[in-house]
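Data block below; observations after.
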Amino acid sequence: MCGIIGYIGSKSAREIVINGLKKLEYRGYDSAGIALVNDTTRVFKCAGRVRELEDLVNKSDFDGTTGIGHTRWATHGEPNELNAHPQVSFKGNFIVVHNGIIENYSRLKKHLESRGVVFTSQTDTEVLANLIEHLYLEGDLTAEQAITLSLSRVEGAYGLLIICTQESDKLFAAKKGSPLVIGVGDGENFIASDATPIVEYTQRVIYLNDDDLAIIKKNELILKSIRSEMIQPVVKELDLKIGEIDKEGFAHFMLKEIFEQPRAIHDTFRGRLLPDYSGVMLGGLFNVLESMARSERIIIIACGTSWHAGLLGEYIFEEYTRIPVEVEYASEFRYRNPIMKKGDVVIAISQSGETADTLAAVKLARENGATVIGICNVVGSSIPRETDAGVYTHAGPEIGVASTKAFTTQVTVLAMMAFEIGHTRGILSDSVYKSLITELVSIPDKIKKALEVNDQTLNLAAVFQNTHNALYLGRGYLFPVALEGALKLKEISYIHAEGYPAAEMKHGPIALIDENMPVVVVATKDDTYEKIISNIQEIKARKGIVIAIVTQGDEIIKKMADYVIEVPETLPALSGLLAVIPLQLLSYHIAVLRGCNVDQPRNLAKSVTVE
Ligand code: G6P
């Protein structure tokens, strides 16, 4: 978590860094700070959001042509001004912004305290700043030597930007675990946690790798390993447009992203389908398709919404490939010494490509000899660079913290993979294969239709905005959708919500049902339709309020439920792509009516780069 940005050149660093922090705020937003360098250096920081930092900086006319900034998601120390970054070393020679965690900070701190160093914050970052300063002064080192020596003593993860006030013609950047990308300009350079704040200035970028150290001047860029070996930088062209990170007239990024789903899914399969929809061709899997088709087991690892997409993927894969699939939380998988066999295939799903637990699970799976495949959205992020093969979702930047289009595009990729592997294995005949693809291609238009329930969900939101609890139920393919619906509601409206397999309701949650309990039942038509009708009756018998998501034209559930929302008909395996739409919209409208900050809900961050 946390967003960092740096600039060195001839323009106003203050403007570039503050604007950049606004774009990175989705990564954390409990405090913010900036350091600016001209003849002298000044640090401004405060608790709260970037706009409060901007107000603070605007009270001064100080500016610089070099600057670094930070927007924080607190790990060590409460979010206040003292703990905000930049952290300044005890003699003021080093100014540091950091994304990540220094795990051995308390040992390092004790050592520094025993040498007389006094600390002013509770952060692990101040420990690093002071360690650099201490080694710099004690060993009479250059800034670069002090930084590399310090990093060799640090355990944990970091994306770091460092100014040394004695060598202020350069910025130092170092990466291990947390992402950093350099934007290469003419007579100026940029560096940030991701490319979103850079894209308006340059399309040329360099993604740093773990253990890289960059020394960035306005006209020069030196890349080394932290062991001081020179590295030849690889400059890539960004595939990101400025417009993609605007709200484009929508009130919130989340709403824009919900409405973008037809386009996003279309982009996911664009160029990946053979003429006449006779086949899927995922270029990124070219080298691993055979081993996937031969594998005896697939393990899907992910966190949050991506985990829900993975669970839906399990149902699709098992039905169409007949390969057993296990879905694991990355955070559990990585710490339980999982049993892995030769030939296992691991699919890691992550919108950001940076989630620390998923990244660590990927590394573990590779160490154990598995073939690891990534399904990620952010191009060039860490997970795609650690995997054997992969497929980008091409959903475009997702800024709202609550994931929407990432979910549907991940499911789209999983469906394409399952269809392709099922066909390769001979489970799917040519004609079934083609009919599945043809149905997938119709999904963007069907989502457009599903989005027409927007006003209806707004009205429903007005009815339920003050509820304290909600249950979400679904069976089969629709169970992961129920989980996702419940997650959306709790994330952004802070209403307690639980997702459950509908039949499991009898084993506990049914005790919660009374006339005040809204129960959202995801009940589009599939093989378990009759069963879910019984579940609805069980809820009604206990006076629960049923909001049912049904297939267009469903007259049976209409008579039983208190409210119904219709979505177009599709194959059961793809029904989640449509049924999730009203759930996203309902959560969105409830959160807005409750006055919640939809795009940046409290305590959450878009990209969880700490474990
Ligand atoms: C955070 C986000 C969620 C996301 C999860 C996994 O918790 O708030 O929206 O689903 O991380 O993120 P990933 O980038 O790995 O999909």
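The values are calculated or read from the model by the stated rules, or taken from the named source; none is laboratory data. These figures come from a predicted structure and were not determined experimentally. Every residue, glycine among them, receives a Cβ derived from its backbone with ideal geometry; neighbour counts consider all protein chains shown.
Details
So that you can scan it fast, the table gives a plain yes or no per residue for (1) under 32 Å from the mean Cα position of the chain (by Cα); (2) part of a loop (DSSP other than H, G, I, E, B):
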position	(1), (2)
Asn80	yes, yes
Val97	yes, no
Gly100	yes, no
Ser106	yes, no
Leu112	no, no
Thr120	no, yes
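- Filter result (in a helix (DSSP H, G or I) and more than 16 Å from the ligand (Cβ to nearest atom)) within segment 483-504: Ala502, Ala503, Glu504
- Residue-level analysis places Ala402 outside the set of residues that are farther than 19 Å from Tyr320 by Cα, within 15 Å of the ligand (Cβ to nearest atom) and outside any loop (DSSP other than H, G, I, E, B).
- Taking the criterion of being of a type in the set (D, E, K, R) and in contact (Cβ under 8 Å) with a residue 12 or more places away in the chain, the residues of segment 16-64 that qualify are Lys22, Lys23, Glu25, Arg27, Asp30, Arg42, Lys45, Arg49, Arg51, Glu52, Glu54, Asp63.
- Looking at Leu473, Leu451, just one residue is part of a strand (DSSP E or B) and farther than 19 Å from Asn597 by Cβ, and that residue is Leu473.
- Among (1) of a type in the set (A, V, I, L, M); (2) buried (at least 24 other Cβ atoms within 10 Å of the Cβ); (3) touching a strand residue (DSSP E or B) at 6+ places or on another chain (Cβ under 9 Å); (4) under 22 Å from Tyr315 (Cα atoms), the one test that Val411 misses: (3)
- Subset of segment 577-611 [of a type in the set (A, V, I, L, M, F, W, C) and within 12 Å of the ligand (Cβ to nearest atom)]: Leu604, Ala605, Val608, Val610
- In segment 289-313, the residues that are farther than 25 Å from Glu611 by Cα and either surrounded by 15 or more Cβ atoms within 10 Å (Cβ to Cβ) or under 23 Å from the mean Cα position of the chain (by Cα) (or both): Leu289, Ser291, Met292, Ala293, Ser295, Arg297
- Scanning segment 315-354 for residues that are at pLDDT below 95 and more than 16 Å from the ligand (Cβ to nearest atom) yields Tyr335, Arg336, Asn337, Pro338, Ile339, Met340, Lys341, Lys342, Gly343, Asp344.
- Residue in segment 272-288 that is closer than 21 Å to Gly396 by Cα, in contact (Cβ under 8 Å) with a residue 12 or more places away in the chain and basic (Lys, Arg) present: yes
- With respect to being touching a residue at least 12 places away in the same chain (Cβ under 8 Å), surrounded by fewer than 16 Cβ atoms within 10 Å (Cβ to Cβ) and among the aliphatic types (A, V, I, L, M), Ala462 fits the description.
- Restricting segment 355-369 to residues that are within 11 Å of the ligand (Cβ to nearest atom) and among the small types (Gly, Ala, Ser), the residue that is nearest to Lys176 (Cα to Cα): Ala356
- Residue match in segment 38-45 (condition: at pLDDT below 95 and surrounded by 24 or more Cβ atoms within 10 Å (Cβ to Cβ)): no
- Boolean, Gly304 is among the small types (Gly, Ala, Ser), out of contact with any strand residue (DSSP E or B) (no Cβ under 7 Å at 6 or more places or on another chain), within 13 Å of the ligand (Cβ to nearest atom) and at pLDDT 95 or above: yes
- For segment 31-40, the criterion of a residue being of a type outside the set (S, T, N, Q), closer than 19 Å to Gly183 by Cβ and outside any strand (DSSP E or B) is satisfied by no position.
- Some residue of segment 241-261 being modelled with pLDDT of 95 or more, touching a Pro at 6+ places or on another chain (Cβ under 9 Å) and surrounded by fewer than 23 Cβ atoms within 10 Å (Cβ to Cβ): no
- Contact map, segment 293-310: first residue part of a helix (DSSP H, G or I), second residue crowded, with 24+ Cβ neighbours inside 10 Å and of a type in the set (Ser, Thr, Tyr), Cβ cut-off under 6 Å, separation 6 or more or different chains; pairs are Thr305/Ser403; Ser306/Ser350.
- Candidates Gly69, Gly48, Gly33, Gly28 - the one that is under 21 Å from Ala605 (Cα atoms), at pLDDT below 95 and crowded, with 24+ Cβ neighbours inside 10 Å: Gly28
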